[in-house]
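Read through the structure below, which is laid out as structure tokens, and then see the notes.
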Amino acid sequence: MANNDASPLGSVDEFLKRCQQSGDAAYSALRSVLERLEDPKTRTQARIFLADLQKRFPTKEDCDQCFRTYHFQIEDIFFDQYEGTQGRKKLTMMVIPSIFVPEDWSFTFFEGLNRHPDSIFKDKSLAELGCGNGWISIAIAEKWLPSKVYGLDINPRAVKMSWINLYLNALDDKGQPIYDGEKKTLLDRVEFHESDLLSYCRDNDIQLERIVGCIPQILNPNPDAMSKMITENASEEFLHSLSNYCALQGFLEDQFGLGLIARAVEEGIAVIKPMGIMIFNMGGRPGQAVCKRLFERRGFHVNKLWQTKILQAADTDISALVEIEKNSPHRFEFFMGLSGDQPICARTAWAYGNAGGRISHALSVYSCQLRQPNQVKTIFEFLKNGFHDISSSLDLSFEDDSVADEKIPFLAYLSTVLKGSSFCKYEPPAGSKHFRNLIAGFMKTYHRVPLNTDNVVVFPSRAVAIENALRLFSPRLAIVDEHLTRHLPRNWLTSLAVKCAGTDKPAEDSLTVIEAPRQSDLMIELIRKLKPQVVVTGIADYESVTSSAFVHLLDTTREIGSRLFLDISDHFELSSLPSSNGVLKYIGGTVLPPHAAIICGLVKNKVYSDLEVAFVISEEEAIFKALSKTVELLEGNTAPISQGYYGCLFHELLSFQLADRHPPPQRECASAKSAEMIGFASSANSVLNNAELAINEAGNSSLVHMDVDQSFLCVPSPVKAAIFESFARQNIAESEIDVTTSIKEFIKSNYGYPVDSNTEFIYADGSLALFNKLVLCCIQEGGTLCFPSGSNGNYVSAAKFLKANIVCIPTKLEEGFKLTDKGLSGVLETVDKPWVYISGPTINPTGGLYSHKEIENLLTSCAKFGARVVIDTSFSGLEFDSEGWGGWNLVDSLSKLYSSSNPSFCVSLLGGLSLKMLSGGLKFGFLVLNQSAMVETFYSFPGLSKPHNTVKYAVKKLLGLREQKSGDLWDAIAEQIRNLKCRSKRLKETLEKCGWDVLESSGGVSMVAKLTSYLNKTVRFKKYKDGGSSEDGTMYEVKLGDSNIREVIRRATGLCINSGSWTGIPGYCRFTIALEESDFERALDCIVKFKNSISN
């Protein structure tokens, strides 16, 4: 076309004249070309105009001159060198100064893409991050025919130029469409959008099969420059810097200049399809290991497609990397020229470059695919919603795939659970129904043993299960496999009362354990000779494959009249191909006899070697119920997160199985008659029958539980973050799980409790387990346990179950049912070797508070009589009506008392953190002992379920946050204290309106009240089915009293509370208020409903 030929865009000369003015003017002129390309009516003419424009600059030198003079250039990129290239051999591309010019960096990236088979992009949806002038997006579409390519760039001018380049290559020089083999043009396959990384795809809900990226990996030496608003009208220098530099992104990888890549990868996880692949160009400056780990710690398999060496761009300032080296031990990798093979650090490279030398660095193309995509997506979705700060702790890189197969699904499960406001739902003491169902399902699917949830009881550990079983039956003589006695009480293993065995004389208070070899013939010989009432044993390895040894044990114990607990822990495999197990093979065909139960400790996981949960299998209903109650009495419940971990393993093994594929096996029943068996110990029977333990019925999901010592309050984000981080971390240092220093500071700041070098700190899964070991210490010393009236009924019942001598200290209504020094002294005068239990500063269950003066007076009375004192702080820390209270500072009081009192006097501090930290399912208890004799006695009862390292990590982190006395955790605790005060007030008002006398609460999570209007009177009520879900219309008439008020209220409304039998205060019932919001509202409705039902 002649120079003076005109077009709607004007002549080429006029166009060039406009462009010559400035880079901004050239961009404005090119935008007007794009507007005509976008309009189908003017598209052809506009494309012809660009062809004419290109012809003006036929040589490489002409193109370079055009760029310098007119602020743009059009040049061809040739593909002849790329093997297998089909179709056209070149692309025509336009660039302007404010966007990234194709150079070695991007050509190397395309070479890496070519290392993939052709099928990788064919018919796939794809996004290119940092598309620049769009040449790679267009080249991918041209060569591999993907279904759609989204070219994305944060630079608005780059996006406009990409569209021009798309039209340049989708249309020929005459403006006609160029069709590929599928009769489509590049316009059908490619589109470009302004986007901060993948925000366009995220905002438009676009799921991708491939993501490719070639984005900046050096921090801007001028951080303030990166904070400017990105617009089309920004300066050319600023817009061009977007292709060279990145800003801090808040990621661990920022320290290597890889923060933007890290953000791109995490955004990509959200939008990539499960089998999708990401391909990134990575400068090797931080070192190959650092680059690879960026992907691996986010759950990717990584494949290095291509590596070469390129010269460092002369216009890129690496001083930011020099600064990083100055402040960290890390050293970046550069080389002197392209031929250098010895790496030099950034500082040396910077100096060499400034002196005129050319520096280079490695350049690699990585292809990455998520190893467990759905689970990893779930994890990052959780982190994205308010938990970005802990993403640096996440490490999903594993040398062993079997470890990844366990840990990643669990972290996904944990993410799902923590997303809820309260992740700790009420579960029965026997264990989570879901977890027990999974165990039963595994047994049914893999071992053909048709169990259900009511055949499985969950324990914190195998040792706890064995000790609880022995305490339940309290045999005079038990034979225990020598491999299983390590955690049994020392006095059981040293007693010589074997001669009592076989006699009719009861000796409930003496339990003798004889250790025996595991080999079945030797074990059976001992059983026949000694005739024990309980046998606990495992199976030798060589006997475990067949069932003959187990059958022999069953027959022998049945003949003798011994109860058998068989441990299969060592031979139980969590595998899709479990080895043959003779015990499970037997009970797959024969019903487990009533005198036998199976114990299984789950310890064989790949990730957390010391994380344990155990379960007991019994097909005898009475045994199931009794063992469930021992968990509640002696442990409280098994840590829900531990159950969740193993539940994940079971779920993974069951998820791909077809349900009910095999008909249930027809099992035989053992027909041989048994000798008379030992029953439950009379003390155990009395407690199990009379204690107000958990109510568990079919369909009990409709029950409202105001009768449990658990918190179902909303769990704050810092707690969730600490829990997740504790499991996500790898290689946690000992110092990070050493909680003792934090606990020292905690008890000092909260109670002024004195500690010294001789103070012993003991930790467990919960404070109840620690309390019960103290009860055993009391029994060992021949002491008497003194409980004030108005103590926690579960603690009193546990002490009775353990057969402690118990005395009740009277308390009075006018004193808020608090212990007084006068009432205490009156009892201590009559008791030998007293042990005094005090719940405080907040009293459970009344919600009263002991002032510093009151506790000082009580301790003075105890010191006078040489009492051992257990102060239980487990229910303290949430005081909401504490005006004038002032807290405790025991250090001076105890120092004086220790120096002047009876030497047997000592004060032990018992506590837990779940209430104080609003930590829901995070179970942690501590015990602080100050007397060496007490410590020695305590350790003679070793069967304590210790908190896992992940728990200690989370607790240490939370205690650190709490000591700051500010921040999200502190705010959340303050908010919940306000919430509890409001609830306490509302519950009090509701109860009083319904005829109850309420003792006002000042803290904690419970209060007590007496139904004065109706107690000891005959009332009529309608029963509701399933504990409150539907009315059946039947009227019942009953006289209300402490013995039945709990049952009547539950039957009438579905509300579970504790009666005066539990609180120890006649007529006064306990109501807990730490419920989920909806359950608390239902509880108030139930109280009103009960009043209305009995009034009518």
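The values are calculated or read from the model by the stated rules, or taken from the named source; none is laboratory data. Remember, it's a predicted structure, so these values are computed and weren't measured experimentally. Here the Cβ is made from the backbone with ideal geometry for all residues, glycine too, and neighbour counts use every protein chain on show. Just so you know, the surface numbers come from the protein's heavy atoms only, side chains and all, with ligands and any DNA or RNA stripped out. Shrake-Rupley method; radii C 1.70, N 1.55, O 1.52, S 1.80 Å.
Which whole-number percent gives the relative contact order of the chain, counting Cα pairs below 8 Å spaced six or more residues apart?
So the answer I get is 8 percent.
Taking packing as the residue-averaged number of other Cβ atoms within 10 angstrom, the listed peptides 803-810, 136-143, 264-271 run from highest to lowest as 136-143, 264-271, 803-810. Residue by residue, region 989-997 carries 3J(HN,Hα) couplings of 4, 5, 4, 5, 5, 9, x, 9, 8 Hz when phi is fed to the Karplus relation 6.51 cos²θ - 1.76 cosθ + 1.60 (θ = phi - 60°); x denotes Gly or Pro.
Distance between the pseudo-spin-label points of residue 896 and residue 577 (7 Å out from Cα toward the beta carbon): 7.4 nm. Descending by average beta-carbon neighbour count within 10 Å, the peptides 925-938, 821-834 line up as 925-938, 821-834, the highest first.
Taking label points 7 Å from Cα along the Cα-to-Cβ direction, residue 88 and residue 935 give a separation of 8.2 nm. Compared with the dominant Cα axis of the chain, that is its longest principal axis, helix 23-38 is turned about 80°. Here the chain is treated with +1 on each Lys and Arg Cβ and -1 on each Asp and Glu Cβ, and its dipole about the Cα centre works out to around 2140 debye. Taking 29 Å as the straight-line reach from the Cα of residue 89, the lysines in range (excluding those fewer than 8 positions away in the same chain) are 55, 60, 122, 124, 143, 148, 160, 174, 183, 184, 304, 309. Residues in region 261-269 carry Karplus couplings, in order, of 4, 4, 5, 4, 5, 5, 5, x, 4 Hz; the curve used is 6.51 cos²θ - 1.76 cosθ + 1.60 with θ = phi - 60°, and Gly or Pro positions show x. In this calculation the C-beta distance from residue 510 to residue 656 is compared with R0 = 41 Å, giving a FRET efficiency of 0.20.
If R0 equals 25 Å, the separation of the Cβ atoms of residue 1034 and residue 1077 corresponds to a calculated FRET efficiency of about 0.20. Taking the average, over residues, of other Cβ atoms within 10 Å as the packing measure, peptides 580-593, 120-133, 556-569 rank 120-133, 556-569, 580-593 from highest down.
Where (1) 1.40; (2) 1.19; (3) 1.12 are the candidate values, the label of the one calculated here for Cα Rg over 2.2 N^0.38 Å is (2). For residue 564, the amide hydrogen comes within under 5 Å of the amide hydrogens of 535, 596, 597, counting only partners 5 or more places away or on other chains and with H modelled in the peptide plane. Can you tally the net charge around residue 32? Count Lys and Arg as +1, Asp and Glu as -1, for every other residue whose Cβ sits under 12 Å from the Cβ of residue 32. Spelling it out: positives minus negatives among the neighbours equals 0.
Taking all protein chains together and rolling a 1.4 Å probe, residue 135 ends up with roughly 10 Å² accessible. Around the amide H of residue 208, modelled in the peptide plane, lie the amide H atoms of 272, 273, all under 5 Å away and 5 or more residues distant in sequence or on another chain.
Of the cross-linked pairs 864/985; 377/606; 744/833; 444/606, those separated by over 32 Å at the C-alpha level are 864/985.
Residue by residue, region 732-739 carries 3J(HN,Hα) couplings of 6, 6, 4, 4, 7, 10, 7, 8 Hz when phi is fed to the Karplus relation 6.51 cos²θ - 1.76 cosθ + 1.60 (θ = phi - 60°); x denotes Gly or Pro.
Counting only protein heavy atoms and a 1.4 Å probe, the chain has 40 square angstrom of accessible area per residue. Between residue 883 and residue 202, the FRET efficiency estimated from the beta carbon spacing at R0 = 60 angstrom works out to 0.75. Within the accessible surface of region 346-452, defined with a 1.4 Å probe on protein heavy atoms only, the carbon and sulfur portion equals 47 percent. Taking other residues whose beta carbon is less than 11 angstrom from the beta carbon of residue 560, and scoring Lys, Arg as +1 and Asp, Glu as -1, yields +2. Take every DSSP beta bridge whose two residues both sit in the chain, then give the antiparallel share in percent to the nearest 5. Counting only bridges with both partners in the chain, antiparallel ones make up about 50 percent.
All other residues with a Cβ under 12 Å from the Cβ of residue 456 taken together, and with Lys, Arg as +1 and Asp, Glu as -1, what is their net charge?
+1
Amide H contacts of residue 514: 478, 479, 480, each under 5 Å away and 5 or more positions distant or on a separate chain (H built 1.01 Å from N in the peptide plane; Pro and chain starts excluded). Projecting the Cα positions of 520, 365, 784 onto the charge dipole of the chain (unit charges on Cβ atoms of Lys, Arg, Asp and Glu, taken about the Cα centre) puts 784 furthest along the positive direction.
Label-to-label distance, residue 780 versus residue 311, with points set 7 angstrom from Cα along the beta-carbon direction: 7.9 nm.
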